[in-house]
Amino acid sequence: MLGLSAWDEFSDLPEKRDYGDWLHGILYEFHQQLQQADTLAKSGDAADALQAADSECAPVAKIDPASLLAAISQRKFEQELRKSAAALGYYVRWQKVMPAYLAWVEAHTQAGWQYAAGERKLERPLHWPGGQIMLRGRIDRIDRNEDGRTLVLDYKTSSQAVLKQKMQGEDQQLAFYGLLAAQAGEAMLLGLEAANQKIGEVPAPDYANWVARLENHIARSMQALQQGSGLPANGVDSACQYCEMRGLCRKGAWQ
């Protein structure tokens with residue numbers, strides 16, 4: 001909350017978080033273009049629908065998702081390779097994942113889900129008696145089902161096994177996204193790593209109740225602080241063990 005951090009060591013080599021940012025950008029552009037093409041095609045304007053395909057792809061009679069994703073990915077990684085040749089390893093890694101991701105998209109669509117929005121910045125006021133706070137965040141992706149359901153997805157560059165452990169921990173990111181989306185009834189972590197040619201889905205159990213519990217917890221905690229309660233010390237060992245500001249948060253004193 002204080003926004004403190006140690007000085008980072010300078011490095012011009014890309015890191016995993018950079019890889020995650022690249023994939024977020026690639027998938028946002030990919031699904032936006034598919035959505036635009038689908039909308040135009042349904043409107044009967046086939047010529048305009050073709051223009052929604054990636055401009056660097058050769059004109060084709062119908063948008064091919066595999067070709068579109070490959071073209072967008074190639075353009076993005078070529079930009080990064082001009083900055084650092086070390087990005088090549090991440091490009092090879094993503095190329096191995098792309099077929100599994102495309103297969104997941106097809107199965108996800110057949111299950112009735114349609115991409116609705118990506119990288120959506122949202123804010124929502126949270127009220128309690130005598131006060132309020134503004135919640136702000138950016139959701140990776142929101143899908144809607146033909147039966148009216150809404151799904152929040154969070155992309156992760158991790159395996160399904162790692163994400164299952166994350167879901168069972170104290171991470172509240174998905175629940176916070178539910179607060180922002182307001183009407184989100186379901187959520188999942190989507191691991192952008194392939195195992196046995198499949199992408200790992202990790203659905204959030206009892207999502208509506210999880211979101212409601214987080215909302216109540218934030219409201220009660222902020223109201224207590226407003227009324228003079230001390231800020232409780234908190235922290236997760238998996239993260240705190242790397243923190244260089246332990247003394248400021250009294251971690252050593254309350255263990």
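A few comments on the model shown:
- Sites Glu78 and Ala239 - FRET efficiency at Förster radius 30 Å, r taken between beta-carbons, to 0.05: 0.30
- Between Lys42 and Ala111, the modelled labels are 2.0 nm apart [label points 7 Å from Cα along Cα→Cβ].
- At R0 = 22 Å, FRET efficiency that the Cβ-Cβ distance of Glu146 and Glu119 yields, to 0.05: 0.40
- Restricting the calculation to Cα atoms, segment 129-212 yields a radius of gyration followed by a Dmax of 13.9, 54 Å.
- Surface accessible to a 1.4 Å probe, Ser159 within the full protein complex, Å²: 50
- FRET efficiency estimate (nearest 0.05) - Cβ-Cβ, Ser67 to Met167, R0 45 angstrom: 0.85
- Taking packing as the residue-averaged number of other Cβ atoms within 10 angstrom, the listed peptides 200-206, 186-192 run from highest to lowest as 186-192, 200-206.
- Summarising the label geometry, the points placed 7 Å from Cα in the beta-carbon direction at Asn196 and Gln183 lie 3.7 nm from one another.
- Accessible area of segment 118-246 belonging to carbon and sulfur atoms, whole % at 1.4 Å probe: 47
The values are calculated or read from the model by the stated rules, or taken from the named source; none is laboratory data. What you see is a predicted model; the values in this text were computed from it and never measured. Neighbour counts run over all protein chains shown; Cβ positions are idealised from the backbone, glycine included. All accessible areas refer to the heavy atoms of the entire protein, side chains included, with ligands and DNA or RNA removed. Shrake-Rupley method; radii C 1.70, N 1.55, O 1.52, S 1.80 Å.
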